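The values are calculated or read from the model by the stated rules, or taken from the named source; none is laboratory data. The structure presented is a predicted model; accordingly, all values stated were derived computationally and were not measured. Quick reminder, even Gly has a Cβ in these numbers, built from the backbone with ideal geometry, and neighbours come from all protein chains shown. Quick note on the areas: whole protein, heavy atoms, side chains included, nothing else; ligands and nucleic acids left out. Shrake-Rupley method; radii C 1.70, N 1.55, O 1.52, S 1.80 Å.
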Amino acid sequence: MAVAAQSGRADPIYAGTRIPSPIPTQLDVDPAVRGTDDILTVNFGPNHPSTHGVLRLVVDLDGEIVVGIAAKVGYVHTGFEKNMEQKSWWKAITYAPRIDYLAYQANELVFVLAIEKLLGLEVPPKATWMRMLLAELNRIHSHLVWLGTAALELGAISMFWYTFREREMVLDLSELVAGYRMHTRYFQTGGLAEDIPAGFYPECRKFVEWMPKAIADYDGLLQKNEIWGERTRGLGLLNRADAIALGQTGPVLRASGVDWDLRRDDPYLFYDRVRFRVPVLPHGDTYDRYRVRIEEMRASVEIVEQCLDRLERMVGEPWIADDRKVVLPPREELHTSMESLIHHFKIVTEGYRVPEGEVYVAVESPRGELGCYVVSDGGTRPWRVKFRAPSFAALEATATTVQGAYIADLIAIVGSLDTVMGEVDR
Amino acid sequence: MSEPWWVSVIKALVIINLVLLTFAYTTLLERKLLARMQLRFGPNRAGPYGLLQPIADLVKLVRKESFFPTAAIDAPYILAPVVSAFTALAAFAVIPFGNGWNIWRYHVNGVVANVPISLILIFALGSIGIYGFIVGGWASESKYSLLGSMRTCAQLVSYEVSLALSVLGVVITAGSLSLVQIVHNQAHSLWYVVPQAVGFLVFLISGVAETSRAPFDLPEAEQELVAGYHTEYSGMRWGLFQMAEYVNMITLSGLAITLFLGGWHFPFAHGVDFLGPLWFFVKLLALLFAFIWLRATLPRLRYDQLMSFGWKILLPVATVNALVTALVVVWAN
């Protein structure tokens, strides 16, 4: 990668593995000093200014150095997966985006894709392109929130407002399309919930033109800043083997030098029909995770642009599959067609039936491999739903990455893993 | 020139209130400027353009319960903010802000207390003020406060060394420890910022660290230590700590102006020396703006980086600067 060549750093990553066997989820204090006055045990969270929601870290400190850490999760356990079993398929879609509230579109997408795979439903190309476009906009949104909060945690307070300016633009686009800013529920089984509004393309074009300039601004504030480099380089190390052993995915994995991106290596939607770069960096530190996310935003802008090129030529094409057993009939038919009225009534009250079977669908969410495992018993409700949350996997790397770090680094490192607690606890 | 004691008392009262007013409006200035740099508006509800915001804040703080943790150690916990606020306010007494005026039959000096060793007095008061921060954090009996205290202790002690050494060049050049004398020396020569550029830079950097401002705001790094040493303080006790910090920042800017930027003098305008306080204030605003700008731009340093920067870079530079200045002065004589 060009980026790695630019930085021109020697590879600071440790050799061998840092993970004892069996893989621990916490870093234990050396028994020789445990319980002595040298060790100060501090609770970081669940209410703390920088724990990304309600993560609780029980940290053992020797002066300013972290010698022991245990992440306690479960404070925002909401039982999404169980709740989804109680709802008909099309109502359960509403729950998915709320699991990871920053990558809402990706969660919605993966659940809808799972249902469609069970149904064997063909989705019109216009809907697929739009899904891709929104998923990439959502990736930008998620990375922007990450960048703003991560910089805030290192004391660069202004970045937060700059990234939220662009985040606002993404949310405005969401609102324009779906009427909702987050948790849009715009992806419907079989396609999209509504046709794409006429004003969307020019607005989205404006955003696509603006975004690269904004990213260049972020670079000016952070990457060219010596303190930012000092605070992120060579910290939170995770080498290739350990990253794979800990089940890391997404930017964390790619920053550890593993070239793996589901969009390219196991294409879903139309990712095999667009050109985009997958940034991979070798050092496995906080800085590389930051670089990977920045480069991913650039790549996402390119994908959005290519989706727009296709979509602008597809005006008038269908946006949802023509399958009356699954898809709601057009509103105007309800007054004239008995058939449509019955279909509408059946879908809205009982819900559609999904053939018996089980599927696992995975997409590349902004945080990595977001999987959805769904079992259907042939009824109108899912029998079992299980999400594979990349945030949860990322959190498992905490103990390995923070070894020997200072408190200030701890905040930066846990931030760089980009965990969303809603997704961890579900 | 001497002045009657009651003139000094009146002047002290006026100055202390002016400093407090400056403190109050520095908080507003900071919030407004930060907001503008961050695409926000800042306080704009209380009064026109939010001008009454500091007063509203004060009323709120005074009326708020000063929470007292059961585990806290009584006397130090209560005294700590008082000590900090007192020393911060007292230090400004020796900063000269004007040439002095003849009003009716009396002469009024442009400084509250003209002491021959005023520079040492400022550093001494600053050092006592640090006790407030350390003791306050320790007496709160909270882990976050303790960590904040430890940081404050280490940071302030190490940066005070560089701070004191950086002004040594000015003291040697001026041949005096009296701030009034130092300002007088700059009246008809270059301001000391030119010959002592290195000293000025070291002074500013360690000054930022000394007042715990970004990027050296480790003692109260919100994202790590919640609020550092004043985590367990609330109400006006917290307000006193806050006041101490801002007044320290103002005093430090005042000291920088006095030592390096010609005090109340203004270039090419020697005839209007009676306007001294005005020039002083303009320079003060410029420095405060720089402080705030830094905060909006820079990320925070880490504890060990801060320490190594202080001891391995600033201290040697300040020492060499003082030595070279001494050699040049001796050689020139």
Query - Interface size A-B, as summed buried accessible area [1.4 Å probe, Å², nearest 100] - result: 2700 Å²
Query raised in the report: Given region A:80-425 reduced to its alpha-carbon atoms as identical point scatterers, what log10 I(q)/I(0) does the Debye formula return at q = 0.09, 0.13 Å⁻¹?
Result: -0.49, -0.98
Requested in this report: Please list, in chain and number order, the residues 5+ apart from residue A:235 or on another chain whose amide H is under 5 Å from its amide H, with Hs placed from the backbone.
Outcome: A:286, A:287
Query raised in the report: If you plug each phi of region B:187-201 into the Karplus form 6.51 cos²θ - 1.76 cosθ + 1.60 with θ = phi - 60°, what whole-Hz ³J(HN,Hα) values come out, in order, with x for Gly and Pro?
Result: 4, 10, 10, 5, 4, 5, 5, 6, x, 10, 4, 5, x, 4, 4
Report task. Over region B:5-332, average the accessible area per residue using a 1.4 Å probe and give it in Å², no decimals. Result -> 44 Å²
**Report entry** Karplus (6.51, -1.76, 1.60) ³J(HN,Hα), θ = phi - 60°, over region A:53-65, in Hz, Gly and Pro reported as x
**Finding:** x, 10, 8, 10, 10, 8, 10, 9, 10, 10, x, 9, 9
Query raised in the report: Does any residue of region B:110-149 lose at least 20 Å² of accessible area with all protein chains in place compared with its chain alone, and if so which ones (probe 1.4 Å)?
Result: B:143, B:144, B:147
Report summary line: Among trypsin sites (Lys or Arg not before Pro) in region B:1-100, those in a DSSP loop whose Cβ has at most 15 other Cβ atoms within 10 Å are B:40, B:45, B:64
Query raised in the report: Computed from the mean reciprocal separation of all distinct C-alpha pairs, what Kirkwood hydrodynamic radius does chain B have, in Å?
Result: 20.8 Å
Report summary line: Taking the dipole of the protein assembly as shown about the Cα centre (Lys, Arg +1; Asp, Glu -1; charges at Cβ), the one of A:400, A:365, B:231 that reaches farthest to the positive side is B:231
Requested in this report: Can you check what the net charge comes to around residue A:320, using other residues whose Cβ is under 10 Å from the Cβ of residue A:320 (Lys, Arg +1; Asp, Glu -1)?
Outcome: -3
Requested in this report: Would you mind telling me the share, in percent, of accessible area of chain A contributed by carbon and sulfur at probe 1.4 angstrom?
Outcome: 53 percent
Requested in this report: Show A:324, B:300, A:275 ordered by accessible area, largest first, where the area counts protein heavy atoms only and the probe is 1.4 Å.
Outcome: A:275, A:324, B:300
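For residue A:162, what is the net charge nearby, where nearby means another residue's Cβ is under 14 Å from its Cβ and Lys, Arg count +1, Asp, Glu -1?
Counting the neighbours of residue A:162, the net charge comes to +1.
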Query raised in the report: Residues with amide H under 5 Å of residue A:365's amide H, sequence separation 5 or more or different chain, H placed in the peptide plane at 1.01 Å from N; which?
Result: A:370
Query raised in the report: What is the magnitude of the charge dipole of region A:201-243 about its Cα centre, with +1 placed on the Cβ of each Lys and Arg, -1 on the Cβ of each Asp and Glu, and no other charges, expressed in debye to the nearest 20?
Result: 80 debye
Query raised in the report: Just in region B:35-83: which chymotrypsin sites (Phe, Trp or Tyr not before Pro) are loop by DSSP and have at most 15 other Cβ atoms within 10 Å?
Result: B:41, B:67
Query raised in the report: Taking the Cα centre of the protein assembly as shown as the origin, how large is its charge dipole in debye, to the nearest 20, when only Lys and Arg (+1) and Asp and Glu (-1) carry charge on their Cβ atoms?
Result: 1280 debye
Query - Gaussian network model of chain A, Cα within-10 Å springs - most flexible of A:295, A:396, A:203 - result: A:203
Query raised in the report: At a 1.4 Å probe, which residues in region A:129-159 are at least 10 Å² less accessible with all protein chains present than in their chain isolated?
Result: A:152, A:153, A:154, A:155, A:156, A:157, A:158
Query raised in the report: Could you work out the helix-only [θ] at 222 nm for chain B, with each DSSP H run of four or more residues adding -39,500 (n - 2.57) and the total divided by the number of residues, to the nearest 500 deg cm²/dmol?
Result: -21500 deg cm²/dmol
Report summary line: Highest GNM mean-square fluctuation among B:106, B:229, B:144, for chain B with Cα springs under 10 Å, belongs to B:106
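Which trypsin sites (Lys or Arg not before Pro) in region B:100-159 sit in a loop by DSSP (not H, G, I, E or B) and have at most 13 other Cβ atoms within 10 Å of their own Cβ?
Taking region B:100-159 and a limit of 13 other Cβ atoms within 10 Å, the loop trypsin sites (Lys or Arg not before Pro) found are B:105.
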Report task. Among B:43, B:81, B:96, determine the one that fluctuates most according to a GNM of chain B built with springs between C-alpha atoms less than 10 Å apart. Result -> B:43
Query raised in the report: With charges only on Cβ, +1 for K and R and -1 for D and E, what is the dipole size of region A:80-425 about its Cα centre, in debye, rounded to 20?
Result: 140 debye
Report task. Enumerate the amide H contacts of residue A:191 below 5 Å, restricted to partners 5 or more residues apart or on another chain; note that Pro and chain-start residues carry no placed amide H. Result -> A:321
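In a shell of Cβ-Cβ distance under 14 Å around residue B:32, excluding residue B:32 itself, what net charge do Lys and Arg (+1) and Asp and Glu (-1) give?
Overall, the nearby charge balance is +3.
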Query - Scattering curve values for the protein assembly as shown, log₁₀ I(q)/I(0), Debye with Cα scatterers, q = 0.06, 0.07, 0.09 Å⁻¹ - result: -0.47, -0.62, -0.91
Query raised in the report: Carbon and sulfur together cover what percent of the accessible area of region B:5-332 at a 1.4 Å probe radius?
Result: 74 percent
Query raised in the report: Can you run phi through the Karplus equation (6.51, -1.76, 1.60; θ = phi - 60°) for region A:249-260 and list ³J(HN,Hα) in whole Hz, with x for Gly and Pro?
Result: 9, x, x, 4, 5, 5, 6, 9, x, 9, 8, 9
Requested in this report: Order A:288, A:272, most accessible first, counting only protein heavy atoms with a 1.4 angstrom probe.
Outcome: A:272, A:288
